[in-house]
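The values are calculated or read from the model by the stated rules, or taken from the named source; none is laboratory data. Because the structure is predicted, anything quoted here is derived from the model rather than measured. Counting neighbours? That spans all protein chains shown, and the Cβs are built from the backbone with ideal geometry, glycine included.
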Amino acid sequence: MELRTARLRLVAFDARLAALSPAALAQALGARVPPDAVDEDLWAEAAERVLADPAEAGWHFWLVVERGAVVGTAGFKGPPDARGDVELGYGLVAPARGRGLATEAAAALVAWALGDARVARIAADAERDNAPSLRVLAKLGFTREGPEGEIVRYVRRRE
């Protein structure tokens, strides 16, 4: 499963990708995979879940590919829960930051998630002093919810 934006290709982590080595992943994607582009713990956790239930593909991370290289990941922490909530997260390698790529990737995933009738609300946590991440969430129509602390929850509800 893939999504395309003006500058990006987002590839959903699925059972096929979970079974690949880093070298085989690069070949399957047709893209370079820098060592810091994908968190090993994130990979292992998502692999366990999509191998156990292939229907969860898309509800974990997506590889963010720009100009032939994986520049990070964006995605969800699992499928919608009983209330219709999902949680969004994203992270890019340092050279890819500050160019609107996180906003572009997250916007595509928000639209994809809201295309699923089960999704009523998308949440995202951001550190209070992480101005770039706060700008991404504001651009995507998220609003702050909950008490102010080091980590602040932002939400976007289905309209």
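Just a few scattered comments:
- Taking the criterion of being of a type in the set (D, E, K, R) and surrounded by fewer than 17 Cβ atoms within 10 Å (Cβ to Cβ), the residues of segment 88-120 that qualify are Arg97, Arg99, Asp116, Arg118.
- For beta carbons closer than 9 Å, sequence separation of 6+ or different chains, a first residue in segment 85-108 that is within 21 Å of Val155 (Cβ to Cβ) and a second that is polar (S, T, N, Q) and modelled with pLDDT of 95 or more, the qualifying pairs are Glu104/Thr5; Ala105/Thr5; Ala107/Thr5; Ala108/Thr5.
- Flag if Ala138 is farther than 20 Å from Ala37 by Cβ and in contact with a Ser or Thr (Cβ under 6 Å, 6 or more places away or on another chain): no
- Qualifying residue in segment 122-131 (condition: among the β-branched types (Val, Ile, Thr), out of contact with any Gly (no Cβ under 9 Å at 6 or more places or on another chain) and closer than 25 Å to Leu8 by Cα): yes
- All positions within segment 1-41 that are at pLDDT 90 or above and polar (S, T, N, Q): Thr5
- Cβ pairs under 6 Å, 6+ apart, first in segment 63-77 and touching a residue at least 24 places away in the same chain (Cβ under 8 Å) and surrounded by fewer than 24 Cβ atoms within 10 Å (Cβ to Cβ), second among the charged types (D, E, K, R) and part of a strand (DSSP E or B): Ala69/Arg32
- Scanning segment 16-62 for residues that are surrounded by fewer than 18 Cβ atoms within 10 Å (Cβ to Cβ), free of Cβ contacts under 8 Å to residues at least 40 places away in the same chain and in contact with a Ser or Thr (Cβ under 8 Å, 6 or more places away or on another chain) returns a single hit, Leu42.
- In segment 121-144, the residues that are of a type in the set (Val, Ile, Thr), in a strand (DSSP E or B) and buried (at least 16 other Cβ atoms within 10 Å of the Cβ): Ile122
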